[in-house]
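The values are calculated or read from the model by the stated rules, or taken from the named source; none is laboratory data. Treat the numbers as computed from the prediction; the structure is a model and nothing was measured. Here the Cβ positions follow ideal geometry from the backbone for every residue, glycine too, while neighbour counts run over all protein chains shown.
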Amino acid sequence: MKKLLALLFSLFLLSSPSVFADDISDFEIEGISIGDSLLDYMTEDQILKGIEKTKDYYSYLKEPNKYAEVFLSEVFSIFDDGLSFIVKNNPKNQYITDKNEKYTILFVRGMIRFIEDIEGCIVKRDEIVEELSMMFPNTRKTEDSYPFQLDPSGNSMKYDVNFVFDSGDEVEVSCDNFEETFRIKNNYTEGLNIVIISKEILDWVSDY
């Protein structure tokens, strides 16, 4: 039975051994899992408009349009800055009739705003990391901080904690702290991200 990552905020549920898992396919964010078709949650027109808005997001990669990111900006119970997804970018293949073969979700991210409040974000991140450490006892945990590569000033930072599965898939909890001028210019929000990410996408974003 799938578990909601939103349940990270319930210590009672996390005390149950049944919450422990070794596979990201066991988890959902707001009811959405890796391997789902985004067509189950958005219309194709909405997806195509979303892909158009983010078409330059990964221009620095060797294959920038192999996958695409789509944002679902409605406010959820926990994720006040909405969700985003990375999907296989195959909208032009009109011969696919099974919708589950189109727009396959390979990355799900829930976002919580902490505008100009990196300290508050880190506190919440560390609370969630403590709970995830109990959920994923058999994963390798890594922690890193580094400049955000799209900010030429070097003053925007990311603070990541990753739980790495044997499959190469990961669950990431991170805080973004953008330089304010850069953030406003690019219309970015900043704060806490909880991400389920497949190895396929990790390999893609590492190839630049």
Collect the residues in the range 149-161 that are assigned to a loop (DSSP other than H, G, I, E, B) and either buried (at least 17 other Cβ atoms within 10 Å of the Cβ) or not polar (S, T, N, Q) (or both), keeping them in residue-number order.
LEU150, ASP151, PRO152, GLY154, SER156
Among the residues of the range 91-106 satisfying the criterion of being assigned to a loop (DSSP other than H, G, I, E, B), of a type outside the set (Asp, Glu) and exposed (fewer than 15 other Cβ atoms within 10 Å of the Cβ), which is modelled with the highest pLDDT?
LYS92
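Taking the range 162-194 as the region of interest, how many residues are of a type outside the set (S, T, N, Q), in a loop (DSSP other than H, G, I, E, B) and under 22 Å from ARG140 (Cα atoms)?
Residues that pass the stated criteria total 4.
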Somewhere in the range 122-131, is a residue assigned to a loop (DSSP other than H, G, I, E, B) and at negative phi?
no
Leading residue by the ranking (surrounded by the fewest Cβ atoms within 10 Å (Cβ to Cβ)) among those in the range 126-148 that are within 17 Å of the chain's Cα centre (by Cα) and touching a residue at least 60 places away in the same chain (Cβ under 8 Å)
ILE128
Please verify whether GLU170 is surrounded by 13 or more Cβ atoms within 10 Å (Cβ to Cβ), under 26 Å from SER198 (Cβ atoms) and among the acidic types (Asp, Glu), treating the condition exactly as stated.
yes
ARG109 being of a type in the set (Lys, Arg), within 14 Å of the chain's Cα centre (by Cα) and buried (at least 16 other Cβ atoms within 10 Å of the Cβ):
yes
Within the range 22-65, take every residue that is hydrophobic (A, V, I, L, M, F, W, C) and out of contact with any Phe, Trp or Tyr (no Cβ under 7 Å at 6 or more places or on another chain) and give me the one that is farthest from ILE112 (Cα to Cα).
LEU48
Considering only the range 24-65, state which residues are closer than 25 Å to PHE163 by Cβ, in a loop (DSSP other than H, G, I, E, B) and among the charged types (D, E, K, R).
GLU30, ASP36
Selected residue (criterion: farthest from PHE85 (Cα to Cα)) from residues of the range 161-208 that are among the aliphatic types (A, V, I, L, M) and in contact (Cβ under 8 Å) with a residue 60 or more places away in the chain:
LEU192
